[in-house]
1. For the stretch 81-113, what are the residues that are open to solvent by less than 50 Å² (accessible area, probe 1.4 Å), over 14 Å from GLU41 (Cβ atoms) and touching a Leu at 6+ places or on another chain (Cβ under 8 Å)?
2. Identify all residues within the stretch 36-47 that are open to solvent by less than 80 Å² (accessible area, probe 1.4 Å) and either closer than 20 Å to PRO96 by Cβ or touching an Asp or Glu at 6+ places or on another chain (Cβ under 7 Å) (or both); write none if there are none.
3. In the stretch 51-75, what count of residues is obtained for those that are of a type in the set (Lys, Arg), outside any strand (DSSP E or B) and within 18 Å of ASP27 (Cβ to Cβ)?
4. Of the conditions (1) under 12 Å from the mean Cα position of the chain (by Cα); (2) free of Cβ contacts under 8 Å to residues at least 40 places away in the same chain; (3) open to solvent by 50 Å² or more (accessible area, probe 1.4 Å), ARG33 clears all except one; give me its number.
5. Of all residues being in contact (Cβ under 8 Å) with a residue 12 or more places away in the chain and in contact with a Lys or Arg (Cβ under 6 Å, 6 or more places away or on another chain) in the stretch 54-68, which is farthest from ALA99 (Cα to Cα)? Just the residue, please.
6. Could you check the stretch 80-107 and list, in sequence order, the residues that are among the aliphatic types (A, V, I, L, M) and within 16 Å of GLU35 (Cβ to Cβ)?
7. Could you figure out which of (1) at pLDDT below 95; (2) in a strand (DSSP E or B) isn't true of GLN78?
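The values are calculated or read from the model by the stated rules, or taken from the named source; none is laboratory data. Because the structure is predicted, anything quoted here is derived from the model rather than measured. FYI the Cβ positions are ideal-geometry reconstructions off the backbone, even for glycines, and counts take in every protein chain you see. Ligands, DNA and RNA are excluded from the accessible area calculation, which covers all protein heavy atoms including side chains. Shrake-Rupley method; radii C 1.70, N 1.55, O 1.52, S 1.80 Å.
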Amino acid sequence: MARLARGLALLLALALAVGAAAPARADEWLLGRWELVRSPEGDKKDWLEFAPDGRMTSITPDGRRLGGQYAVTEREVQLNYKLGSQSILITLTYGPDKAQLYARSARTGYTAVYEKRP
């Protein structure tokens, strides 16, 4: 009887541990580093890094970093950089396969493309 009780206690502990695991994030595909692979305007290569806590970092070719936050919607990734008391908002779009991020310039209409890197 004691063996059965221990077995049930172990099974219950395992079930609670599995149930307590965090659910997968809907935006897990975005996490990690993305590299600028095409810029019709001739921008230098840069990178975007997305963390699970909603923070992101833009990295320039010379290693400078600018932090911000991001939010993912059904069709867009919205970036919000804080510079002093000002916010800079940038909207990226993505396709159904989520393999590329697109940054369309409001000024020129050209679209830069980012791809995920390992």
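1. If the condition is that a residue be open to solvent by less than 50 Å² (accessible area, probe 1.4 Å), over 14 Å from GLU41 (Cβ atoms) and touching a Leu at 6+ places or on another chain (Cβ under 8 Å), then TYR81, LEU92, TYR94, LEU101 are the ones that fit.
2. At the first step, the residues of the stretch 36-47 found to be open to solvent by less than 80 Å² (accessible area, probe 1.4 Å) are 36-37, 39-42, 46-47.
Residues satisfying the conditions are LEU36, VAL37, TRP47.
3. Within the stretch 51-75, the subset of a type in the set (Lys, Arg) is 55, 64-65, 75.
Then drop every residue that is not outside any strand (DSSP E or B), which leaves 64, 75.
Checking which are within 18 Å of ASP27 (Cβ to Cβ) leaves us with 75.
Number satisfying all stated conditions: 1.
4. In the conditions (1) under 12 Å from the mean Cα position of the chain (by Cα); (2) free of Cβ contacts under 8 Å to residues at least 40 places away in the same chain; (3) open to solvent by 50 Å² or more (accessible area, probe 1.4 Å), ARG33 misses (2) alone.
5. Within the stretch 54-68, the first condition is being in contact (Cβ under 8 Å) with a residue 12 or more places away in the chain, and the residues that meet it are 54-56, 58-61, 66-68.
Checking which are in contact with a Lys or Arg (Cβ under 6 Å, 6 or more places away or on another chain) leaves us with 59, 61.
Values: ILE59: 20, PRO61: 22 Å.
Per the criteria, the residue is PRO61.
6. Once the filter is applied, which keeps residues that are among the aliphatic types (A, V, I, L, M) and within 16 Å of GLU35 (Cβ to Cβ), the stretch 80-107 yields LEU92, ALA99, LEU101, ALA103.
7. (1)
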